[in-house]
Structures are given as structure tokens and as C-alpha cells.
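Nothing in this text is a laboratory measurement; each read-out follows from the coordinates by a stated rule. Here the structure is a predicted model, which is why all the values come from computation and not from measurement. Cβ: placed from backbone, ideal geometry, glycine included. Neighbour counts: every protein chain shown.
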Amino acid sequence: MPTSLPIRTVISPGRYVQGPGAITRLGEFLAPIGSKPLIVADDVVWGFVGHDVEASLTAAGLPVRREKFNGIPSAGEIDRLVAVIADANADVVVAVGGGSTIDAVKSSGFLAGIRWVTVPSVASTDAPTSALAVIYTEDGAFEEYRFFPRNPDLVLVDSQLVANAPAAFLAAGVGDALATWLEARATSRSNSNTMAGGLPTETGTALARLSWDVLWENALPALDAVRDHVVTPAVEKVIEANTLLSGLGFESGGLAAAHAIHNGLTAAPQTHGLAHGQKVNIGSITQLVLEGAPTADIRDFIEFTTRVGLPTTLTEIGLDADSAELDQVAELATVPGETIHAMPFEVRPVEVVAALKSIERLARRVRTEAKLPEPVAYVAHH
């Protein structure tokens, strides 16, 4: 049987639900999927959604069992959850929380051979929709991607819950989602395989582009609304772009340099306190430099993402142009099998180091010209 024939493919979650108060309808959407759910949430998230989840499941005639998530999607935590699923005899596992909780639940649901559902409490990554998980070591360094044969059966996003969270989470999601088009564009040019296991489809690439357009138009007003904890049409659009469009776009459109550089940055302990999307934004700027993108495009991107509240300099992520860690970052970003090899040209560690070093002065100059604040390290605050 020939396996070398090129295929194009799109993958997606079984159902996507979004709206204010959606969490009060979780039971209704969960009941067709399983009759013995196990809810996984950390104590903080459970503190503000537990009541709604319990009421919703009870109303749908479902039992309520919740297991605490311990914070890092490590191999050990995943194996622990597999044992809990077996003990509970659960037929569906439900992640309620952020990307770490979601990745641990997808991984444990797969290993336990049951279905899985995601209920993100923030719109900070596109983890809720995807068929992969990012696994970390116990001390927070990137370890591996794990791929699953299917996406979540249900993704349910309560937009009021997202609007109640600090605006920094939504901003981080914008950083993650803006990379989607830059990387899908590169993957399309190089005709490389995507995370979906085939060549990019027109659909995947177009959704990545739509995510970009929606964010440039709506991110700043949405962030203003979320600072007042209100849901506006702009907020709904940004949640959808960060979660669904970016998720479909990165999986079926392709990843390239930006996410590989994010993974490389996890080698620097200074960056461990940063959100995924904050590190990805540094990866996006670095990718634009590597591409030799038009100066106006790079300038616009730096200015816009600075206004969004994302890091655009090494200083802000605890590094500088002389940091010894940059070589490690570049080595890790370019290991065989990393997504940087989907770029339409070869990228070596030496070029990654040069591009990373160059963004400090470049971004500082753009920020000065745009009368934006001087960069200060904000690792400690996140």
C-alpha cells in the first residue's frame, strides 16, 4: 500500500459551544457523550465555577465527581489521572481550567481509552480544540508533544467566565493566535505537513488568516471590555479567534518557527513564569526577522502586540542580547522534527541566535518612535 501519496486533511473538535453563561448548560451538552463524567479542575478554578458545574450536571441527571489538578501536565500527573479515571469508572473526562489542565486531561483521557471534553476558563491558548498536548517536565521545561487520533468531543467556552479572568490571559491568547497565520503562511509556502498529518488544506490556511484579521480588528477593544469584565461582540470574536480559529488554523494550517522558538525559550529558566502566548509572541517577531519580512510589517506587528500587552523585547522575558542561554534556545528550537523545519528555507541555530539578538534594538526603536513605554522585565508579575 503506497504511503507516500500526499494527502490534505482538516481535523476539528466534535462540537464547539460559546456564549455567556454556557457553563450552566454543560450537563446538557455532556449527557450525549457520557453518563459517568470525571471533572478535573484545580482548586482556584473550581472555587468560582464549581457551583455552576455541579448544578448543571445534576440538572442533566449526571453524577458529580471532581478530581484536583496539580498544576503541571507532566507524565507523572497524567498517569495519576489515568488511575483516578479507572477508579471512578468514568466514561468521559472533562477539563475545566487553563491549557495545562486541558493538556493533562486530553492525555489521560486518551490513555484511559475514554472520551474527553474541554471547558476553558480563559482564552489564553488554542489547547481546548486540539488533538495534541504539550507535556512538560516536573520543573516546567518543554518535554514533548503528544498526538491523539481525535480532537475533544466537545469544547464549551463560557465567554462571561473568560471576561471575568484577568485581561492578561486574553492578551496571551492573542499572542498565541497571531502566530497562527504567520506559521500557516510559511507552511503553505513550503508545502510542509501540518499537525493534522497531511499537507495544509485551503480551509486550514483560510481559517488561520481569518484568525489574524479578526484579532487586528478586535483585540484592543476586546481587552478594554474585559478589563471591565463585560462581554461585547469584540470579546466574543476574540475568544473565537483565540480558541477555535487559531486551534483549527494551527493544526490544519501548520506550525513553523514561532512555536519552535517558544519551545526553545523554555530552556531559559527566566521564561518559566511567562504565559505560552507571551513566549510565542517573541517567536513570531523572530520568525518575521528570519523571513526578512518587510520592515513595515515587522514594525506594525511590534507596535500592535506591544499595545496588546505582549512582550516584544528580550528584556521583557528576562533575557538580553548577551544572554548565554540564547545558544541553548536556538539549539532546542532547531532539533530534528521541530516545526521550524516547516519554514520555506533552512534555519540553523546560528540564524535563530542572530534573529533573537536583533529584536531587542529593533523593538526598542519601534516603541520609541510610536511613543510606547520602555520595556521592563515582567516575568515576576505573571
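For the reader, a short list of remarks on this structure follows.
- By the helix-only formula, in which each DSSP H run with n ≥ 4 contributes -39500 (n - 2.57) and the sum is divided by residues, the chain has a 222 nm mean residue ellipticity of -16000 deg cm²/dmol.
- C-alpha center-to-center spacing [the stretch 16-67, the stretch 148-172] in angstrom: 14
- Structure-derived Rg and Dmax of the Cα atoms in Å - corresponding label in [x] 20.0, 61; [y] 21.0, 66; [z] 34.4, 135: [x]
- Cβ-defined net charge surrounding residue 180, 14 Å radius [Lys, Arg +1; Asp, Glu -1]: -4
- Charge dipole (Cα centre; +1 on Lys/Arg Cβ, -1 on Asp/Glu Cβ; no other charges) of the chain amounts to roughly 600 debye.
- Estimated dipole of the stretch 16-163 in Debye, rounded to 20 [Cβ of Lys and Arg +1, of Asp and Glu -1, Cα centre]: 440
- The stretch 1-40: trypsin sites (Lys or Arg not before Pro) in DSSP loop, at most 14 other beta carbons within 10 Å: 15
- Nearest 10 degrees, 0 to 90: helix 43-59 Cα axis against the chain principal axis: 40
- Charge dipole of the stretch 103-236 about the Cα centre (unit charges at C-beta), most positive-ward option of 205, 165, 220: 205
- The stretch 16-163, relative contact order [Cα under 8 Å, separation at least 6], %: 29
- Unit charges at the beta carbon, dipole of the stretch 16-163: most positive-side option, 90, 61, 39: 61
- Taking 7 Å steps out from each Cα toward its Cβ at residue 86 and residue 160 produces label points 4.1 nm apart.
- Length-normalised contact order of the stretch 258-382 in % [C-alpha pairs under 8 Å, at least 6 apart]: 36
- Reachable lysines from residue 357, criterion Cα separation under 28 angstrom, eight or more residues apart if same chain: 279, 371
- Three-way shape label, the stretch 121-177, alpha-carbon gyration tensor, a/c 1.5: oblate
- For the chain, DSSP calls about 20 percent of its internal beta bridges antiparallel.
- Per residue, the average separation of C-alpha pairs within less than 8 Å and at least 6 apart gives the chain a relative contact order of 16 percent.
- Counting neighbouring Cβ atoms within 10 Å and putting the fewest first, the residues 280, 366 line up as 366, 280.
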